[in-house]
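Enquirer: Sharing a structure below in structure tokens format, with a few things to ask.
The values are calculated or read from the model by the stated rules, or taken from the named source; none is laboratory data. In this text the structure is predicted, and so the values were computed from the model without any measurement. When we count neighbours, we look across all protein chains shown, and the Cβ atoms used for this are built from the backbone with ideal geometry, even at glycine. Only protein heavy atoms, including side chains, enter the accessible area calculation; ligands, DNA and RNA are left aside. Shrake-Rupley method; radii C 1.70, N 1.55, O 1.52, S 1.80 Å.
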Amino acid sequence: TDLRPLDILSEAVPAVGLARGMRVFQVQGVRGFQLSASRPHALGFPASRLFIHCDRFPEEFSIIVTLRALRVPAKRNEYIFTLMGEESPSVLVGLRYASDKLHFLFWSQERAGGWQTRVTFPNVSLSDSQWHTLVLAVSGQSFSLTVDCSIPKDVVVETPFPASLSVRRASFYLGNRRRRKGVFTGLLRQLVLLPGADATPRICHSVNFKVATLSVPTVLQDVPAKPVSNEVLKYPYETDMKVTLGARPRCTKQEKAQFWFNASWRGLYLCNGSTWLSMLEVRHRLDYVEEYQNLVTNSETMGIEVFTIPKVGLFAAMANRITPPGSAIYRWTDGKFVHYQNIPTYQAQSCKYFTIGKKIFLAVANFEQNERGQEFSVIYKWSRRKAKFITYQRITTHSARDWEAFVIEGEAFLAVVNHREGNNHNIDSVIYRWNPRTGLFETNQTIPTSGAYDWEFFTIGPYSFLAVANTFNGTSTKIYSHIYIWLSGSFHLFQSILTFGAADWEVFHIGDRVFLAVANSHSYDSGMPAPSNFYAINSSIYELNITAQMFVKFQDLLTYSALDWEFFSVGDDSFLVVANSFDGFTFSVNSIIYRWQGYEGFVAAHHLPTVGCRDWEAFHTAEGSYLFYSSAKEPLSKVLKLKTT
């Protein structure tokens with residue numbers, strides 16, 4: 001075999017056309033074969049076509065499968081492939097799955113009369129109508145399964161895979177075991193045998209792990225989103241065409257060949273696997289930014305959260321500094337934000353909107369104690385009867401700066417940033433897990449932080465991450481901020497990045513690339529000579545390097561006590577806006593919109609006059625796109641409208 005990949009799926013496809021019992025179907029922008037249950041024999045071929053120089057199955061190997069499996073009834077198995085002798089009903093090598101497990105089968109002739117061994121991988125959920133890539137690595141008694149490049153599942157069995165398994169007069173069968181019962185009902189895109197090696201490193205180097213490719217039949221390979229001519233497709237295929245309405249959806253390989261209709265711009269777009277291509281609209285470009293609404297607030301505003309309550313409307317929650325009257329919630333009415341409700345807060349720093357099932361919540365991070373000397377941050381719940389937010393749960397916090405809500409493996413979490421306790425900045429921040437039985441958040445994990453300001457949760461493929469912005473350790477702002485990865489039920493340190501009074505992390509995607517921007521607020525070290533300006537300092541953008549499995553610096557941008565980044569898009573263009581708050585002399589300092597220029601990175605495009613700018617939020621309505629900024633130095637926030645050409 002010369003350790004080359006043996007493409008089982010391609011071998012079953014004729015040089016011209018398709019085998020009987022095969023149809024090409026495209027789902028979520030990805031093509032696969034649908035196999036017919038009526039002609040199982042037609043979906044087979046002699047093993048000798050792959051094993052040309054040797055009639056023995058490799059002793060060590062990997063099997064790579066990309067599939068989209070439909071929901072399987074309980075106690076039913078479906079075969080992905082089998083290798084069977086001509087005159088024997090026994091499976092020499094095979095792979096099959098049930099609703100929540102995967103079975104690898106092999107025939108061992110070391111015992112009298114032979115014996116079939118079944119290696120079972122439990123808790124493998126493939127039947128969710130999504131694309132998945134599996135890598136099964138086999139070596140002796142050890143069997144390892146990797147699903148979508150996640151943590152491998154390892155199984156050791158008593159009977160090793162045979163060192164000399166003959167494939168003479170044997171045949172491969174796709175999606176069946178030479179019978180109609182147990183035929184694979186989903187879509188099969190990739191089926192490759194790689195002798196002598198664990199294929200995981202060769203597969204897990206792409207951002208889109210679920211459709212990672214080693215070898216795919218020509219008929220299933222991608223074609224240009226826009227045909228170069230009017231030629232008839234060489235390989236006709238069927239697809240589940242879908243048109244999405246509303247706000248700009250994501251465009252990845254999962255959504256390839258899907259359409260998005262933007263009603264406000266009257267534009268139709270086609271996803272090419274990374275970006276939306278305009279089909280019926282002149283491309284909009286950001287021309288200038290104009291002041292749209294001056295919003296007088298209860299007091300200085302430390303943070304803004306813009307959100308939509310289904311069937312109710314668009315809202316903005318302001319984290320206001322002074323109590324009373326506390327913080328205000330505004331509702332978008334007739335094209336403007338109008339005061340809707342006050343909630344009691346105590347020097348609120350931020351708000352976080354999130355949902356759990358049909359329940360709607362708003363968490364507020366309080367920085368100071370209440371009138372009774374108690375220090376709580378509060379989770380409010382939306383009352384459908386009263387059409388207002390009401391107090392739901394109080395959680396003890398310590399000068400809380402930020403909340404982050406997220407879901408991992410179907411479970412809801414809420415993380416709070418504790419900034420300091422008294423004069424001690426080196427304290428624990430806490431991650432809470434939702435208990436569906438009690439209906440409350442309960443402590444799940446604590447993480448040491450140093451004067452922390454912000455949490456940022458994000459996912460890359462099957463992995464979940466949580467980044468913390470550490471600001472001050474009691475003597476210096478030149479300290480490490482950390483990125484944690486979720487493994488085995490808790491967060492573990494993934495990477496540390498040197499920051500300077502970090503106040504915010506912002507994760508964003510441009511095509512297949514993943515970026516992480518940090519807002520550095522000031523440079524101070526009690527043991528070092530004072531710089532000429534504590535506040536004029538670079539903030540940095542990092543890019544995920546898949547090969548190195550870490551974020552590496554991509555670009556530095558000069559900022560002035562930066563407190564927030566916000567990523568947004570207009571048409572096909574991507575932007576970052578920074579909240580510059582203080583230049584060392586005045587709080588009246590320009591905040592800047594940077595435009596993505598590809599090879600050049602981000603380039604300054606618009607300078608926006610702001611006063612003590614603390615937070616930016618981008619949002620969209622049927623009337624257009626907007627930016628919303630809050631001031632930590634005056635009771636006035638502003639809505640800016642993005643004007644396009």
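Enquirer: Report, in whole Å, the centroid distance computed from the Cα atoms of region 531-573 and region 583-645.
Expert: Going from one Cα centre to the other spans 16 Å.
Enquirer: Give the calculated FRET efficiency between N435 and A42 to the nearest 0.05, with a Förster radius of 45 Å applied to their Cβ-Cβ distance.
Expert: So the FRET efficiency works out to roughly 0.25.
Enquirer: May I ask you to compute the full-extension gain from A163 to E371, defined as 0.36 nm times their residue separation minus their alpha-carbon distance, rounded to one decimal in nm?
Expert: Numbers: separation 208, 0.36 × 208 = 74.88 nm, distance 7.59 nm.
So the extension gain works out to 67.3 nm.
Enquirer: Mind listing which trypsin sites (Lys or Arg not before Pro) in region 281-369 are in a DSSP loop and have 13 or fewer other Cβ atoms within 10 Å?
Expert: Working: sites: R283, R285, K311, R321, R331, K336, K352, K358, K359; in loops: R283, R285, K311, R321, K358.
In loop regions of region 281-369 (DSSP not H, G, I, E or B), the sparsely surrounded trypsin sites (Lys or Arg not before Pro) are R285, K311, K358.
Enquirer: Charges at C-beta only: +1 for Lys and Arg, -1 for Asp and Glu. How large is the resulting dipole of region 80-167 about its Cα centre, in Debye rounded to 20?
Expert: For this selection, approximately 100 debye.
Enquirer: Between L576, A562, L608, whose Cα lies farthest towards the positive end of the dipole of region 562-645 when Lys and Arg beta carbons carry +1 and Asp and Glu beta carbons carry -1, centred on the Cα centre?
Expert: Most positive-ward Cα: L608.
Enquirer: Could you work out the relative contact order of region 286-644? I mean the mean sequence separation of Cα pairs under 8 Å and 6+ apart, divided by the number of residues, in percent.
Expert: Details: 1031 pairs, mean separation 47.0, N = 359.
Computed over region 286-644, the figure is 13 percent.
Enquirer: Now, a different point. Please calculate the 1.4 Å probe accessible area of V147, with all protein chains present, and give it to the nearest 10 Å².
Expert: 30
Enquirer: Using unit Cβ charges (K, R positive; D, E negative) and no other charged atoms, how large, in debye to the nearest 20, is the dipole of region 286-644 about its Cα centre?
Expert: Values: 27 positive and 34 negative charges, 280 e Å.
For this selection, approximately 1340 debye.
Enquirer: Give me the net charge for the shell around L498: Cβ to Cβ below 12 angstrom, other residues only, Lys and Arg +1, Asp and Glu -1. Could you put the intermediate results ahead of the total?
Expert: Values: positive: K478, K553; negative: none.
Computed value for this residue: +2.
Enquirer: Same structure again: Expressed as a rounded percentage, what relative contact order does region 6-220 have, with Cα pairs under 8 Å and six or more residues apart?
Expert: Computed value for region 6-220: 32 percent relative contact order.
Enquirer: For the cross-link pairs K336/K358; K336/K388; K75/K256; K153/K253, which exceed 31 Å when the distance is taken from alpha carbon to alpha carbon?
Expert: Pairs exceeding 31 Å: K75/K256.
Enquirer: May I pose another question? Rg and Dmax of region 493-642 over Cα atoms: what are they, in angstrom?
Expert: Cα radius of gyration and Dmax of region 493-642 are 15.9, 54 Å respectively.
Enquirer: Right, here's the next one. Relative contact order of region 514-564, please, whole-number percent, based on alpha carbon pairs below 8 angstrom and at least 6 residues apart.
Expert: Worked out over region 514-564, it gives 41 percent.
Enquirer: Another question, then. Using r as the Cβ-Cβ distance of T355 and S88, and R0 as 51 Å, what FRET efficiency do you calculate, to the nearest 0.05? Walk me through the numbers on the way to the answer.
Expert: Values: r = 55 Å, r/R0 = 1.09.
Taking R0 as 51 Å, the efficiency between T355 and S88 is 0.40.
Enquirer: Roughly how many nanometres apart are two label points built 7 Å out from the Cα toward the Cβ at S129 and K75?
Expert: Distance between the two pseudo-spin positions: 2.6 nm.
Enquirer: Which number comes out as Rg/Rh for region 363-404 once both Rg and the Kirkwood Rh are worked out on C-alpha atoms?
Expert: Working: Rg = 11.4 Å, Rh = 11.0 Å.
Result: Rg/Rh = 1.04.
Enquirer: Here's another thing I want to ask about it. Counting only DSSP beta bridges with both residues in the chain, what percent are antiparallel, rounded to the nearest 5?
Expert: So the antiparallel bridges amount to about 95 percent of the total.
Enquirer: In addition: May I ask you to give the solvent-accessible area per residue for the chain, in square angstrom, as obtained with a 1.4 angstrom probe?
Expert: Heavy-atom SASA per residue in the chain reads 44 Å².
Enquirer: Here's another thing I want to ask about it. Any cysteines in the chain with zero other Cys Cβ atoms under 4.7 Å from their Cβ? List them, or say none.
Expert: C54, C351, C613
Enquirer: Further, regarding this structure: Rounded to the nearest 500, what is the 222 nm mean residue ellipticity of the chain from helices alone, with -39500 (n - 2.57) per DSSP H run of 4+ residues and division by all residues?
Expert: It lands at 0 deg cm²/dmol.
Enquirer: Same structure, new question: Size of the dipole of the chain about the Cα centre, Lys and Arg at +1 and Asp and Glu at -1 on the beta carbon, nothing else charged, in debye to 20?
Expert: Taking the Cα centre of the chain as origin, the dipole is about 2780 debye.
Enquirer: Among W131, F172, P162, whose Cα sits farthest toward the positive end of the charge dipole of region 73-186 (+1 at Cβ of Lys/Arg, -1 at Cβ of Asp/Glu, about the Cα centre)?
Expert: The residue sitting farthest along the positive end of the dipole is F172.
Enquirer: I would also like to ask the following. Just add up the charged neighbours of V155: K/R +1, D/E -1, any other residue whose Cβ is under 12 Å from the Cβ of V155.
Expert: On the way: positive: K101, R118, K153; negative: D154, E158.
Cβ neighbours under 12 Å give a net charge of +1.
Enquirer: Right, something else. By how many nm would the segment from D573 to V155 lengthen if fully extended, with 0.36 nm per residue of separation less the alpha-carbon distance? Before the final figure, lay out the partial values.
Expert: Working: separation 418, 0.36 × 418 = 150.48 nm, distance 4.79 nm.
Once the chain is fully extended between D573 and V155, it gains 145.7 nm.
Enquirer: Can you pull the accessible area of Y480 for me, 1.4 Å probe, Å² to the nearest 10?
Expert: 120
Enquirer: State the percentage of accessible surface on the chain attributable to carbon and sulfur atoms; use a 1.4 Å probe and exclude ligands, DNA and RNA.
Expert: Of the solvent-accessible surface of the chain, carbon and sulfur hold 50 percent.
Enquirer: Sorted by accessible area with a 1.4 angstrom probe, largest first, how do L134, L92 fall?
Expert: My answer, sorted largest first, is L92, L134.
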